Amino acid sequence: VTEPLTFTAQYETAPLPEPEKVHVSFMDSEGGLVHGTTELIIDKGSYLDALMIPVAEAHGGYAFTGWDNDVTQQINEDIVFKAMYERTEARCIFDGGEHGSVVGINEFCVPLNTTFDTSSIPQVTADKKYIFIGWDKDPATHVIDDDTTFVAQYEKDLPWYKKLWKLLTGKGCLKWLLWILLILLALWLV
């Protein structure tokens with residue numbers, strides 16, 4: 001170099017590397033539906049905006065409890081968010097059974113882990129020659145923790161003379177009292 005030299009750096013605009021993309025999905029599950037955009041392609045390392053997250057609507061008897069993954073996390077890979085629902089109600093069905101029918105409404109929705117309101121228990125009409133004796137489970141004490149069916153129970157209606165014979169030959173102290181009365185009556189007649 002024989003004289004002073006100046007080197008000037010030369011630049012040109014380089015294209016920016018295109019950011020890597022990731023796939024985000026939102027799914028519904030039993031208990032509700034997801035409304036809105038359920039498939040997104042976003043830049044890797046970015047966060048979801050609140051407007052990007054679809055609305056999860058719960059069906060009757062369920063409540064939306066959130067997503068199975070944290071929607072506020074940084075998204076660095078393909079991810080699926082599943083809507084989670086919790087059951088809040090159960091169906092109670094009153095079945096008339098084999099020898100009768102239920103009068104009025106026979107299906108109700110009740111909160112989970114409660115007992116059935118006894119004032120709402122429907123009436124039962126028994127077929128001829130049968131007597132309604134109750135339900136297979138007591139609605140007043142049975143805790144409803146899932147869909148439940150209460151089935152009406154019946155016993156055959158006996159004629160009066162068979163009822164008397166059953167009373168005289170059955171168990172208990174009443175049987176002995178009736179026999180004593182019958183013997184006293186027979187002795188009195190003799």
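The values are calculated or read from the model by the stated rules, or taken from the named source; none is laboratory data. From a predicted model like this one, the values you see are computed outputs, not experimental measurements. Reconstructed Cβ throughout: ideal geometry from the backbone, glycine too, with neighbour counts over all protein chains shown. For the accessible areas, the whole protein counts, side chains as well, though only heavy atoms, and no ligand, DNA or RNA atoms are used. Shrake-Rupley method; radii C 1.70, N 1.55, O 1.52, S 1.80 Å.
Exactly one residue out of Gly100, Gly60 is within 30 Å of Met27 (Cα to Cα) and of a type outside the set (Val, Ile, Thr), and it is Gly60. Across the range 1-27, the qualifying residues are those that are over 32 Å from the mean Cα position of the chain (by Cα) and under 30 Å from Trp67 (Cβ atoms), and the one among them that is surrounded by the most Cβ atoms within 10 Å (Cβ to Cβ) is Val22.
Among the residues of the range 112-129, those identified as in contact (Cβ under 8 Å) with a residue 24 or more places away in the chain and within 16 Å of Asp95 (Cα to Cα) are Phe116, Ile121, Pro122, Val124, Thr125, Ala126, Asp127. Please work out if Lys171 is in a helix (DSSP H, G or I) and either surrounded by fewer than 12 Cβ atoms within 10 Å (Cβ to Cβ) or over 48 Å from the mean Cα position of the chain (by Cα) (or both). No: the conditions fail for Lys171. The set of residues in the range 31-86 that are within 28 Å of the chain's Cα centre (by Cα) and of a type in the set (A, V, I, L, M) comprises Leu33, Val34, Ile53, Val55, Ala56, Ala58, Ala63, Val71, Val80, Ala83, Met84. Considering only residues in the range 28-37 that are open to solvent by less than 40 Å² (accessible area, probe 1.4 Å) and either assigned to a loop (DSSP other than H, G, I, E, B) or not β-branched (Val, Ile, Thr) (or both), the one that is farthest from Val71 (Cα to Cα) turns out to be Gly31.
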